[in-house]
Each structure stands twice: as structure tokens, then as C-alpha cells.
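Down below is the structure, laid out as C-alpha cells.
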Amino acid sequence: MKNKNDISRTFNALAHKRRVLLFELLLKHPQKSMAFGQLQGLSKIPDAPLAHHLRVLETGGLIRRKVKGRYTYFKLYLSDFRTTLETVENYCA
């Protein structure tokens, strides 16, 4: 069960069209991580805004970051998202 702050962070993470785009791109590749450069190439979002939006998605518990050498990779982390959705569903029941 998530608290209201956790739920707010999760939904805030999806409250911008660029973050929804990034979420969709990662959703299309759920079994693998995507590098910062790959996400930038597919999304056409400049460096600084991309870093910001990825940080918000990470804070919202939707993605995880992994650094390998010079590269940073991002992967969906859906278990927290599912828990958030279940908590909201329980509120509605």
C-alpha cells in the first residue's frame, strides 16, 4: 500500500507529455535498458530537459538508472507503478 505522497510522485512523473513519451519508449523495450543517447535520439529531447524528465520519472519510481562506465542506462521499474495503481483502485472500491 502506497501513501498519498508516493501516489502524487508517481502521477506527477507522468504529468508531462515528454515524460509520457519517454515512458512509452521504455515500455516498447521492457526487457532491456536504454542508454541516455538512445533515448535522446528517439525522443529528440535536448540534453538538459531529457536529464530533468528522466530524474522526475526516477523520483516517481517508474524507472531505474544504472551507470556502466561512461554510459547511463534506464529501465522501466513497473512493480512500484503497479502497487500505486492497486492502491488507487482500493481507494475507489
Quiz prompt | Table column - 3J(HN,Hα) (Hz), the stretch 17-23, Karplus curve with 6.51, -1.76, 1.60, x for Gly and Pro | solution = 4, 5, 5, 5, 4, 4, 4
Quiz item: Which order do peptides 26-35, 84-93, 10-19 fall in by mean Cβ count within 10 Å, highest first?
Solution: 10-19, 26-35, 84-93
Quiz item: Using modelled amide H (1.01 Å from N, peptide plane; none on Pro or chain starts), what sits under 5 Å from the amide H of A35, excluding residues fewer than 5 places away?
Solution: F74
Quiz item: So how tilted is helix 4-13 from the main axis of the chain? Cα-based, degrees 0 to 90, rounded to 10.
Solution: 40 degrees
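How many lysine pairs does the chain hold where the Cα atoms are under 17 Å apart and the two sit 8 or more places apart or on different chains? Kindly include the intermediate steps, with their values, before the conclusion.
Details: K17/K28; K17/K44; K28/K44; K28/K75; K32/K66; K32/K68; K32/K75; K66/K75.
Lysine pairs, 8 or more places apart or on different chains, close enough: 8.
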Quiz prompt | Whole-Hz couplings from phi, Karplus 6.51/-1.76/1.60, listed for the stretch 43-49; x for Gly and Pro | solution = 8, 6, 8, x, 3, 4, x
Quiz item: Expressed in nm to one decimal, what extension gain is obtained for the pair L27 and K68 from 0.36 nm per residue of sequence separation less their Cα-Cα distance?
Solution: 12.6 nm
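How much accessible area per residue does the chain have, counting only protein heavy atoms and a probe of 1.4 Å, in square angstrom? All intermediate terms of the calculation are to be shown ahead of the outcome.
Details: 5950 Å² over 93 residues.
For the chain, the per-residue accessible area is 64 Å².
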Quiz item: Which cross-chain or sequence-distant (5 or more) residues have an amide H under 5 Å from the amide H of Y77, H modelled 1.01 Å from N in plane?
Solution: I63, R64
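Length gain on complete extension for the stretch A15 to E86, per 0.36 nm per residue less the alpha carbon to alpha carbon distance?
Numbers: separation 71, 0.36 × 71 = 25.56 nm, distance 1.90 nm.
So the chain would gain 23.7 nm between A15 and E86.
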Quiz prompt | Cα convex hull of the chain, projected area averaged across orientations, nm² | solution = 6.2 nm²
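Round to a whole number: what % of the accessible area of the chain belongs to carbon and sulfur, probe 1.4 Å? Don't skip to the answer; put the middle values down first.
On the way: 3150 of 5950 Å².
Answer for the chain: carbon and sulfur cover 53 percent of the accessible area.
The values are calculated or read from the model by the stated rules, or taken from the named source; none is laboratory data. Quantities reported herein were computed from a predicted structural model and do not represent experimental measurements. Cβ coordinates were reconstructed from backbone atoms using ideal geometry, including for glycine residues, and neighbour counts include every protein chain displayed. Ligands, DNA and RNA are stripped out before the accessible areas are found, and what is left, the full protein with its side chains, is counted by its heavy atoms. Shrake-Rupley method; radii C 1.70, N 1.55, O 1.52, S 1.80 Å.
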